[in-house]
Amino acid sequence: MLHQAVEAIYACFLLVNALYFPRSHNIKFLRSLSEDREPRLIDAWPRETKTDRARFERLKRAYVEARYSASARVRIHHSSPFLRIRSGHRCPASVSWDL
């Protein structure tokens with residue numbers, strides 16, 4: 001579900017700002033296209049540490065595993081870094097309107 005939300009946000013951002021979006025479930029690809037159009041989106045997924053990068057890769061991998069593996073289980077605990085809210089974080093939709 002989190003992967004789908006991220007995918008939808010990037011798709012909406014690209015549709016509003018580029019008047020198109022690619023039919024892709026690859027959030028890394030969608031993130032790249034979005035960040036090329038709006039560099040402020042880079043702050044949404046920190047990349048400073050290996051742990052930061054691993055969080056995004058885990059989300060990307062979870063989609064593939066959940067879709068293609070009958071035995072896959074995705075669990076997000078309350079202490080999960082996915083639930084962390086960064087101060088000053090802004091969603092792509094808000095970036096679209098205040099350029």
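Some notes on this structure:
- Within the span defined as the stretch 10-28, one or more residues are out of contact with any strand residue (DSSP E or B) (no Cβ under 8 Å at 6 or more places or on another chain), at pLDDT below 90, assigned to a loop (DSSP other than H, G, I, E, B) and among the hydrophobic types (A, V, I, L, M, F, W, C).
- Of the residues screened, SER34 is one that is touching a residue at least 40 places away in the same chain (Cβ under 8 Å), among the polar types (S, T, N, Q) and within 28 Å of TYR68 (Cα to Cα).
The values are calculated or read from the model by the stated rules, or taken from the named source; none is laboratory data. Note that the structure is a prediction, hence the values are computed from the model and not measured. Cβ: placed from backbone, ideal geometry, glycine included. Neighbour counts: every protein chain shown.
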